[in-house]
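To start, the structure under review is shown below, and the notes come after it.
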Amino acid sequence: MKNVLRMARWNPYVGGAFLGLVLTVSTLATSMFIEASKYVGVSLTYARITGLIVNLFAPAYVAQSEYFQAIGIAVNWKMMLFFGIFFGALVSSLLGNQFKIERIPALWQQRFGSSEIGWAVMSFIGGLFVILGAQLASGCPTSHGLGGIVQLAISGMIAIGAIFSGSIPVANLIYRWKK
């Protein structure tokens, strides 16, 4: 039998089932043990990390900032989740022998060439859209979509529908666009 942890790719249905199980258990755990009103989601963690870094150099600014006071810049369970996602993906890619460092993703190079400036500009613009969407939705897609579906919330199902109905056409437009 093949070692599951060393597989390069998992069956998407098996991966989806595990994701659903993890989300369900985390929702139950956070609501039972720490009485969190919002469950899975890490978009605010970027601002908290920024607050922690700024606090190293300008603690007076952070102390006077209404924004940093409102969000709280302490290390919390969502920050641990944020780093856990990164290190979990790193360990998974190492175990599956899929880890590699790319300056420009191969699919992007095939479609648009090897301009690092073009890749950087488009990545920046894409990041701005993600941040704008998270701000407009008052949270990240994970929290609204996946976290909401685990709770059988209609808003979660609408969020996932909106995410897919927006991302699929954009991906098709970018990656099927003729040169």
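Remarks
- Scanning segment 128-179 for residues that are outside any helix (DSSP H, G or I) and over 15 Å from the mean Cα position of the chain (by Cα) gives 151, 152, 153, 176, 177, 178, 179.
- Test result for residue 118, over 20 Å from the mean Cα position of the chain (by Cα), loosely packed, with under 14 Cβ neighbours inside 10 Å, on the phi > 0 side of the Ramachandran plot and modelled with pLDDT of 85 or more: no
- Taking segment 74-112 as the range and being of a type in the set (A, V, I, L, M) and under 19 Å from the mean Cα position of the chain (by Cα) as the test, the residues that pass are 75, 79, 80, 81, 85, 89, 90, 91.
- When residues of segment 67-105 are limited to those that are aliphatic (A, V, I, L, M) and assigned to a loop (DSSP other than H, G, I, E, B), the one surrounded by the fewest Cβ atoms within 10 Å (Cβ to Cβ): 101
The values are calculated or read from the model by the stated rules, or taken from the named source; none is laboratory data. Just so we're clear, the structure is a prediction, and the values are computed from it rather than from any experiment. Reconstructed Cβ throughout: ideal geometry from the backbone, glycine too, with neighbour counts over all protein chains shown.
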